[in-house]
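For reference, the structure discussed in these notes is given below.
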Amino acid sequence: MSICIGVEEEFHVLEVESGVLVPRADPVLRRLPRRTFTSELHRSIVESNSGVHASLHDLYTDLADTRQRLDAAAASLGLAVVAAGTAPLAPASCGPPSAGARYRHMVEEYRQVADEQLICGAQVHVDIPDRDTAVRVMCEVSPWLPVLLALSASSPFWQGTDTGYASWRTMLWQRWPTAGPVGCFATAAEYDAAVRDMVRAGIISDAGMIYYDIRPSAHLHTLELRICDACPRAETVVLIAGLFRALVTDARERLRQNDAPCPGRHEWLRGAAWRAARSGLEGTLVDPATHRDEPAPKAVHKLLTRLRPALEAHGDWSTVRALTEEALAEGSAAERIRRTAREEDLLACVDLLIAETRGERRNRESAQLGRVRLPFPGADAPGPPFGSGAPEVIGR
């Protein structure tokens, strides 16, 4: 079985000495290939687009290499980059938006919601045969997405203050009119009609402003996961990508065996996402079957058990299981950031995030930085692209 995956990652641009978010993405981007790196709404954020891969090993290698290139470009300017939902030391505003009429319109129309969009996410794309399948799979996998959010949670601080949340990015993100859980649609035509209605009503300007937790890509044959914070460690991104691909694979098989339409009743999902954003891996999550709270590790293990056949089919079981156990043992990035703040200060939190984004781990006893190599079994050859023809880059 070979279902391809790709990732978009967003990174904050920081001044090294102060650790403060700065609007200097443009000079960083001028030192990087535009096929892989691009701008975002704010000039303090850089987005990277991975290649398309069949194996988690190749995805990890791609992400690690991309982060090294981005870090080198930033370092040459006295800057650093951080993959996290929010930067611990962010100003109230980062100046005017990136160039372009679309970004100007977003700032003018949505005002403070857009002004405070100083947040970064990680989006995962999974190959899907057609849009009808994508829309139906969306309903099947949505109840499990808060678990993936909890695994990614990395944004406890906002403008230097502990918010009490593991993912404050989620709370900022959900202020957009199309953010949050997606509704249930029987066909792609129904989904597309709903999007057109929102454009006609002036709620959004184009389909690219559909910010649901999950959506069919507008330009690729993929289903796109959008609920997650940016992750300091590339290994966490790989873990989430492996789980999401397995969720999509599992959902397609369940739909094949039982062609009944989705029963709906997803109104509880916004609350489940709130719980994941509040607690991360350190509290409770909402069980998709009973809608009752349960310890986050139990919810994660339940998902892992459900997905084992799909993970084994992709050759991902051993890697995903190892990464899951490591994530549960070490806690969420949000907890690591908070622990550093308690033991040191917010600037030390920034240093931690810079190091983890580079692929380094900080030894808590010696405070030294060192590289960690995790085994990723799998072929070294790059995976095939989506569709046919020349290799593509996700996000373009």
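If I model a spin label at Leu77 and Ser18 as a point 7 Å from the Cα along the Cα→Cβ vector, what separation in nanometres do I get?
So the two model labels end up 1.5 nm from each other.
Calculate the spin-label point distance for Gln159 paired with Arg31, positioning each point 7 Å from the Cα along the beta-carbon direction, and give it in nanometres.
About 3.1 nm separates the two model spin labels.
Please compute one quarter of the surface area of the Cα convex hull for the chain and express it in square nanometres. Please list the in-between numbers first.
Values: hull surface 72.4 nm².
Averaged projected hull area, Cα only: 18.1 nm².
Quick one: among Ser318, Ser154, Ser332, which has the greatest mean-square fluctuation in a GNM of the chain with alpha-carbon springs under 10 angstrom?
Ser318
So how much slack lies between Trp268 and Ala218, counting 0.36 nm per residue of separation and subtracting their Cα-Cα distance, in nm?
Working: separation 50, 0.36 × 50 = 18.00 nm, distance 2.68 nm.
Fully extending the segment from Trp268 to Ala218 adds 15.3 nm.
What helices in the chain pass both tests, a Cα length along the helix axis of 24 Å or more and a mean Kyte hydropathy of -0.5 or higher, using whole DSSP H runs?
Numbers: long enough: 56-75 (28 Å, -0.41); 234-257 (35 Å, 0.35); 296-313 (26 Å, -0.04).
Sorted by number, the helices that extend far enough and score high enough are 56-75, 234-257, 296-313.
Rounded to a whole number, what % of the accessible area of the range 88-179 do carbon and sulfur atoms account for, probe 1.4 Å?
Details: 1560 of 3040 Å².
Carbon and sulfur together cover 51 percent of it.
Treat each spin label as a single point 7 Å out from the Cα along the C-beta direction, and report the Asp197 to Glu312 distance in nm.
4.4
Which of these, Thr249, Thr187, Thr324, has the largest mean-square fluctuation under a Gaussian network model of the chain (Cα springs below 10 Å)?
Thr187
For the range 236-345, what % of the accessible area comes from carbon and sulfur atoms, probe 1.4 Å? Before the final figure, lay out each step's value.
Details: 2450 of 5100 Å².
The nonpolar share, carbon plus sulfur, comes to 48 percent.
Can you compute the helix-only [θ] at 222 nm over the chain? Use -39500 (n - 2.57) per DSSP H run of at least 4 residues, normalise by all residues, nearest 500 deg cm²/dmol.
Working: 14 runs with 168 residues, N = 396.
Rounded to the nearest 500, it is -13000 deg cm²/dmol.
So the label point goes 7 Å from the Cα of Asp345 along Cα→C-beta, right? Which residues of the range 6-48 then have their backbone N under 14 Å from it?
17-20
Between the alpha-carbon centers of the range 203-244 and the range 331-363, tell me the distance in whole angstrom.
Taking the Cα centre of each part, the range 203-244 and the range 331-363 sit 25 Å apart.
Filter the GluC sites (Glu not before Pro) in the range 93-132 down to the DSSP loop ones having no more than 16 other Cβ atoms within 10 Å, then list what survives.
none
Over the range 1-143, give the accessible area per residue in Å² for a 1.4 Å probe, as an integer.
Numbers: 4930 Å² over 143 residues.
For the range 1-143, the per-residue accessible area is 35 Å².
GNM, the chain, Cα, under 10 Å: largest mean-square fluctuation among Ala193, Ala310, Ala273?
Ala193
The values are calculated or read from the model by the stated rules, or taken from the named source; none is laboratory data. These numbers were taken from a predicted model, which means no experiment stands behind them. All Cβ positions, even for glycine, are placed from backbone atoms using ideal geometry, and neighbour counts span all protein chains on display. Ligands, DNA and RNA are excluded from the accessible area calculation, which covers all protein heavy atoms including side chains. Shrake-Rupley method; radii C 1.70, N 1.55, O 1.52, S 1.80 Å.
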